[in-house]
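Following: one structure in structure tokens, then a few remarks.
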Amino acid sequence: MRDAVNAPRVSYHDYIVIGGGTAGCPLAATLSERSRVLLLERGGSPYADGRVLDMARFSDVLADTSDSSPSQRFVSEDGVINARPRVLGGGSCINAGFFTRAAPAYVRAVGWDPREVAAAYRWVEDVVAFQPVLGPWQAAVRRGLLEIGVLPDNGFTYDHITGTKVGGSIFDADGRRHTAADLLRYARPEGIDVFLRARVYQILFDFKGDTPVARGVVYRDARGMVHAAYLNPGAANEVILAAGALGSPQQLMLSGVGPADHLRSFQLDVVLDLPGVGQGMSDNPMNAIFVPSPSPVEVSLIQVVGITRFGSYIEAASGSNWDAHRSSSSSSPSPSSSSPPRRNFGMFSPQAGQLATVPPKQRTPEAIARAVEAMSQVPDAALRGGFILEKVLGPQSTGHLQLRNLDPDDNPAVTFNYFSHPDDLRRCVAGITAIERVIRSRAFARFTYPNFAFPAALNVTAEFPVNLLYQRGSDPRALERFCRDTVTTIWHYHGGCQVGRVVDRDYRVLGVEALRVIDGSTFNASPGTNPQATVMMLGRYMGVKLLRERMLIEGPGRKNP
């Protein structure tokens, strides 16, 4: 890895990969086996920020809204606060770490080769995936799911199987995160250049008749210096977008590929009118309930999942991380590392934008500040407990993405239209009902107060910044309102460059030569219960496929560059 300020002003490569994220790292590593690859990442190194690799400081990264943060906050037009990665390794550096494969039906539907998919998953898992050891609270959730009939018990498995299972984690036994950036260890060093803080401004095109042909990119380093990278001559050489569900459609539009009227409204030259760019945006809605516990609970992220037959996934996380700063030995370049410990609920913290006690449009910075203050006022015992969440299969609700301006560092405008499809709302209601049954199960009795009656000493008020079961009522219409008003993200947004709309089944951009998109923006639905394993797999899977295509074009006798 080198900072882009040290990059040559002009360079030539067989592949130029835009985005060193969850797909880009395994893709670039694989392509380097036989080619000369340039990997451009707009963020910094995950190894330079101790918060990224420390499970106990997971929420600190999401709460950091500075320009140098590995996490870039954005707010959808729906009002839900979200985050996109800005670091080598992408979303695998800022997520909750759950590792699980896509269902076989999903693999068949998208046209992947099942044997090659399995090999690509194993290639990833050998480096980044681990079997978690369940603490008492996670074990109780597992038993509760089985007790209410989320069967069978599938034990530990990476596979997506109906029933209750323990999935993998990218956090090891010491709580250290392993990311897609670690997959670069597979790369042939002589075949790859990795530049950090390299912000791509434009994909460059030539024309073959009326057909645009990608020929390179223009990017800037942290000092604002302009660099140009071009493709070497050769029929197999390509520019590949792997900038994620926000970054890839945004970059296509900024480069002149997208809905013509929208591009012209920003005075952009239209290279290709491709109306599907930015369409089909979805985010898996998450609704969670806090369960105060009379007994101590471990600090855990997602480890257990109930894959139901009614199209809702039930997961859990536990423990307040309010003393994480004191317990962590990791160093951080952020000023927050010298701040006093802040109480938080990990992935459900208002500091991280997960404020579900008010409807989305009311989640203002002022409301977040009030929630953080409220958390500081309640007794320690009120912070003891965990969350059980549900999220819906798919989802079927979709929206769109548009440019706000011509700055690639700014977030585009994205609308997800949560619960606009009635099936998503139905599945949410069923999921919340299942959560209530888990909480009331015999298996969970150790971790709940009798009849959900909190001791007066807890002094839990209406200002308590998380959702409590007793507040929501039992009327079905109240449950639907609860789903809409308490929706947050679980960071599974996808779409914007979907197969059939923007790319073909080999991820070539329709109507353009030498340009592909390989990342979660191509998905029509989120794979499995959590997408990161499949996004990493896709990088490896397509890397192997591209190398085979290159051998057919060039022949096996070509030496490594």
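Determine the pairs where a residue that is within 16 Å of PHE348 (Cβ to Cβ), located within region 360-381, has a partner that is surrounded by fewer than 16 Cβ atoms within 10 Å (Cβ to Cβ) with Cβ atoms under 8 Å apart, the partner being 6 or more residues away or on another chain.
PRO360/GLY79; ARG363/GLY79; ALA371/GLU463; ALA374/THR461; ALA374/GLU463; VAL378/ASN459; VAL378/THR461
In region 377-398, what count of residues is obtained for those that are open to solvent by 10 Å² or more (accessible area, probe 1.4 Å) and modelled with pLDDT under 85?
Of the residues in region 377-398, 5 are open to solvent by 10 Å² or more (accessible area, probe 1.4 Å) and modelled with pLDDT under 85.
Condition first: surrounded by 24 or more Cβ atoms within 10 Å (Cβ to Cβ) and within 22 Å of ARG343 (Cα to Cα). Can you find one or more residues in region 22-43 that meet it?
Looking for residues that are surrounded by 24 or more Cβ atoms within 10 Å (Cβ to Cβ) and within 22 Å of ARG343 (Cα to Cα), one finds none in region 22-43, hence no.
Please tell me if VAL291 is out of contact with any Cys (no Cβ under 8 Å at 6 or more places or on another chain), among the aliphatic types (A, V, I, L, M) and open to solvent by 30 Å² or more (accessible area, probe 1.4 Å).
no
Just checking, how many residues over region 123-170 are of a type in the set (Gly, Ala, Ser), touching a residue at least 40 places away in the same chain (Cβ under 8 Å) and under 26 Å from ALA105 (Cα atoms)?
The qualifying residues number 5.
Being over 30 Å from TYR449 (Cα atoms) and among the aromatic types (Phe, Trp, Tyr): is that true of PHE266 here?
Considered against the rule, which asks whether it is over 30 Å from TYR449 (Cα atoms) and among the aromatic types (Phe, Trp, Tyr), PHE266 comes out as yes.
Which residue is least open to solvent (accessible area, probe 1.4 Å), if the candidates are limited to region 403-420 and must be of a type outside the set (A, V, I, L, M, F, W, C) and more than 19 Å from ASP221 (Cβ to Cβ)?
Across region 403-420, the extreme among qualifying residues is PRO412.
Looking for something open to solvent by 20 Å² or more (accessible area, probe 1.4 Å) and either without any contact (Cβ under 8 Å) to a residue 24 or more places away in the chain or under 13 Å from the mean Cα position of the chain (by Cα) (or both) - is there at least one such residue anywhere in region 484-491?
yes
With respect to PHE74, is the statement that it is within 17 Å of the chain's Cα centre (by Cα), surrounded by fewer than 20 Cβ atoms within 10 Å (Cβ to Cβ) and in contact (Cβ under 8 Å) with a residue 40 or more places away in the chain true?
yes
Is it the case that region 479-497 has a residue that's outside any strand (DSSP E or B), under 27 Å from ASN467 (Cα atoms) and among the small types (Gly, Ala, Ser)?
No, there is no match, as no residue in region 479-497 is outside any strand (DSSP E or B), under 27 Å from ASN467 (Cα atoms) and among the small types (Gly, Ala, Ser).
Can you name the residue in region 66-82 that is polar (S, T, N, Q) and assigned to a loop (DSSP other than H, G, I, E, B) and is also nearest to GLY247 (Cα to Cα) among such residues?
Checking each candidate, the answer is SER76.
Failed condition for GLY149, given (1) within 20 Å of ILE314 (Cβ to Cβ); (2) open to solvent by 30 Å² or more (accessible area, probe 1.4 Å); (3) touching a helix residue (DSSP H, G or I) at 6+ places or on another chain (Cβ under 7 Å), with all others met?
(3)
Surrounded by fewer than 24 Cβ atoms within 10 Å (Cβ to Cβ) and either over 29 Å from PRO249 (Cα atoms) or β-branched (Val, Ile, Thr) (or both): which single residue out of ARG505, ARG481 fits that description?
Just one listed residue meets the conditions, ARG481.
Out of GLY234, GLY280, which single residue is open to solvent by 10 Å² or more (accessible area, probe 1.4 Å), on the phi > 0 side of the Ramachandran plot and out of contact with any helix residue (DSSP H, G or I) (no Cβ under 7 Å at 6 or more places or on another chain)?
Step by step, each of GLY234, GLY280 is checked, and only GLY234 is open to solvent by 10 Å² or more (accessible area, probe 1.4 Å), on the phi > 0 side of the Ramachandran plot and out of contact with any helix residue (DSSP H, G or I) (no Cβ under 7 Å at 6 or more places or on another chain).
Just to verify a result, which residue in region 166-186, among those that are open to solvent by less than 20 Å² (accessible area, probe 1.4 Å) and in a loop (DSSP other than H, G, I, E, B), is farthest from PRO531 (Cα to Cα)?
GLY175
Give region 47-58 a look and list any residue that's surrounded by fewer than 24 Cβ atoms within 10 Å (Cβ to Cβ) and part of a helix (DSSP H, G or I), or say none.
The answer is TYR47, ALA48, GLY50, LEU53, MET55, ALA56.
Please determine whether any residue of region 207-221 is assigned to a helix (DSSP H, G or I) and of a type outside the set (Gly, Ala, Ser).
No, the conditions are met nowhere in region 207-221.
Exactly one of these conditions fails for ALA243: (1) in contact with a helix residue (DSSP H, G or I) (Cβ under 7 Å, 6 or more places away or on another chain); (2) more than 15 Å from GLY90 (Cβ to Cβ); (3) surrounded by 19 or more Cβ atoms within 10 Å (Cβ to Cβ). Give me its number.
For ALA243, the exception is condition (2).
Is it the case that region 105-120 has a residue that's at pLDDT 95 or above and more than 23 Å from LYS545 (Cβ to Cβ)?
No, every residue in region 105-120 fails to be at pLDDT 95 or above and more than 23 Å from LYS545 (Cβ to Cβ).
Among (1) closer than 19 Å to THR529 by Cβ; (2) among the hydrophobic types (A, V, I, L, M, F, W, C); (3) crowded, with 17+ Cβ neighbours inside 10 Å, which single condition is ILE161 missing?
ILE161 satisfies all of (1) closer than 19 Å to THR529 by Cβ; (2) among the hydrophobic types (A, V, I, L, M, F, W, C); (3) crowded, with 17+ Cβ neighbours inside 10 Å except (3).
Counting only residues that are touching a Phe, Trp or Tyr at 6+ places or on another chain (Cβ under 8 Å), give me the strands (runs of 3 or more DSSP E) lying completely in region 279-319 with at least 3 of them.
Fully inside region 279-319 and qualifying: 285-292, 304-307, 312-318.
The values are calculated or read from the model by the stated rules, or taken from the named source; none is laboratory data. Since this is a predicted model, take the numbers as computed values, not measurements. Methodologically, a virtual Cβ is constructed for each residue, glycine included, from the backbone with ideal geometry; neighbour enumeration extends over all protein chains shown. Remember, those area values only see protein heavy atoms, side chains included, never the ligands or the DNA or RNA. Shrake-Rupley method; radii C 1.70, N 1.55, O 1.52, S 1.80 Å.
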